[in-house]
Amino acid sequence: MSNPILSKPITLQDITIHPVIEQQGPFFDPMVFFPTLTKELLEENRSWLEPYSLDPATGQIVLCVQSYVVKTPHHNILIDSCVGNDKPRPARPMWDMMKSDQFEKGLAATGLGVNDIDYVMCTHLHVDHVGWNTRLENGRWVPTFPNAKYIMADRELAHWIEQEKKDATVCPWITDSVLPIVAAKREQVVQSDFALNDQVVCLPTPGHTIDHFSVRVGRKDRDALIAGDMIHSPLQGRYPELGMRADHDSPQAGRTRRKVFDRFCDTPTLICATHFPVPSAATCCVKHWGDGYKFEAVEV
Ligand SMILES: [Zn+2]
């Protein structure tokens, strides 16, 4: 196994945010990933997307798969939980039956173990955000973080339980990474504007999924927005209406991006964009760029 990709922690007064990276690489053809993207638009933007966000060798979009460990004076919180190990993902060969020690090593680098996590916050219930919710133990899926409450949005959870009931083969990650949490009574079902306390607050960012939330941590002017999947590539900053293939409601996702980036534009709020490649663009501030937005990497 290779050495873990380490990304520097971000300190906001008495809060520390540690990225925990499971994978990074060129994963998807941009024309497939963004169904309405045209060749012309891609060419127009190629020069600034390469090499970090668009791999010059393969032409594919570079994505990071990561979690964030947030240490506050009161709690240790894991936001999203990557893909996970030993999970059958026939539709995604690169994530099928993964046996990776990257997440484990990344978590160890934060100085915490699985018993130290008080909350796991699930921005949404997609395959690359819930995987380490559970791990395989004697042939059963058990909560990876035995002392944690797993925070999930109510409509998000209801939607996916329903999908799983209809056809479990389309969302195997619900079967092995979400339902076992509910069976173990470790879930805490909330509304997507839930506040854990005044320093950890969910912000509803619907569209990519039905009840997606982002998480704002810190205090005014010393804060960060952990975006989850409200954005996948900086290209969606320049063109907020550019939808991605797995969106539940692409027009709504576009409106969400515009609203959120407008709100945080030219403020000191850091944006931690889960899928942006590190270390180039994972921590940034939002600025105007024509009719859209750009992300300026910030040294933290
Ligand atoms: Zn994702």
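The values are calculated or read from the model by the stated rules, or taken from the named source; none is laboratory data. If you're wondering where the values come from, they're calculated on a predicted model, not measured in any experiment. Using ideal geometry, Cβ is built from the backbone for each residue, glycine included, and neighbour counts are taken over all protein chains shown. Heads up: the accessible areas ignore ligands, DNA and RNA and are worked out on the full protein's heavy atoms, side chains in. Shrake-Rupley method; radii C 1.70, N 1.55, O 1.52, S 1.80 Å.
I'm trying to understand the selection: among the residues of the range 132-158, which are open to solvent by 40 Å² or more (accessible area, probe 1.4 Å), within 13 Å of L179 (Cα to Cα) and in a helix (DSSP H, G or I)? Of everything in the range 132-158, just one residue is open to solvent by 40 Å² or more (accessible area, probe 1.4 Å), within 13 Å of L179 (Cα to Cα) and in a helix (DSSP H, G or I), namely A158.
Being on the phi < 0 side of the Ramachandran plot, at pLDDT 95 or above and open to solvent by less than 20 Å² (accessible area, probe 1.4 Å) is the requirement here; does Q60 meet it? No; evaluated as a whole, the condition is false for this residue.
Here's the yes/no breakdown for (1) more than 24 Å from P35 (Cβ to Cβ); (2) open to solvent by 50 Å² or more (accessible area, probe 1.4 Å):
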site	(1), (2)
T205	no, no
D211	no, no
R219	yes, yes
G237	no, no
D247	no, no
R258	no, yes
A273	no, no
C285	yes, no
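Consider the range 203-244 and keep the residues that are in contact (Cβ under 8 Å) with a residue 60 or more places away in the chain, among the acidic types (D, E) and more than 22 Å from Q24 (Cβ to Cβ). The one that is farthest from the ligand (Cβ to nearest atom) is D223.
Within the range 118-128, the residues that satisfy the criterion of being crowded, with 23+ Cβ neighbours inside 10 Å and either away from the ligand (no atom under 16 Å from the Cβ) or closer than 19 Å to A183 by Cα (or both) are V120, M121, C122, H124, L125. Taken over the range 161-171, the residue count meeting the criterion of being touching an Asp or Glu at 6+ places or on another chain (Cβ under 9 Å) and open to solvent by less than 80 Å² (accessible area, probe 1.4 Å) is 1. When I181 is tested against (1) open to solvent by 10 Å² or more (accessible area, probe 1.4 Å); (2) not in a loop (DSSP other than H, G, I, E, B), only condition (1) is not met.
Taking the range 8-57 on its own, how many of its residues are open to solvent by less than 20 Å² (accessible area, probe 1.4 Å), of a type in the set (A, V, I, L, M, F, W, C) and in contact (Cβ under 8 Å) with a residue 40 or more places away in the chain? Counting residues in the range 8-57 that are open to solvent by less than 20 Å² (accessible area, probe 1.4 Å), of a type in the set (A, V, I, L, M, F, W, C) and in contact (Cβ under 8 Å) with a residue 40 or more places away in the chain gives 10. Does the range 65-76 contain any residue that is assigned to a loop (DSSP other than H, G, I, E, B), out of contact with any Asp or Glu (no Cβ under 7 Å at 6 or more places or on another chain) and either open to solvent by 60 Å² or more (accessible area, probe 1.4 Å) or modelled with pLDDT under 95 (or both)? Among the residues of the range 65-76, at least one is assigned to a loop (DSSP other than H, G, I, E, B), out of contact with any Asp or Glu (no Cβ under 7 Å at 6 or more places or on another chain) and either open to solvent by 60 Å² or more (accessible area, probe 1.4 Å) or modelled with pLDDT under 95 (or both), which makes the answer yes.
Taking the listed residues V189, V142, V200, V114, the one that is of a type in the set (V, I, T) and under 26 Å from Q24 (Cα atoms) is V114, with no other qualifying. Looking only at the range 245-269, residues that are touching a helix residue (DSSP H, G or I) at 6+ places or on another chain (Cβ under 9 Å) and either at positive phi or more than 16 Å from the ligand (Cβ to nearest atom) (or both) come to 3 in all.
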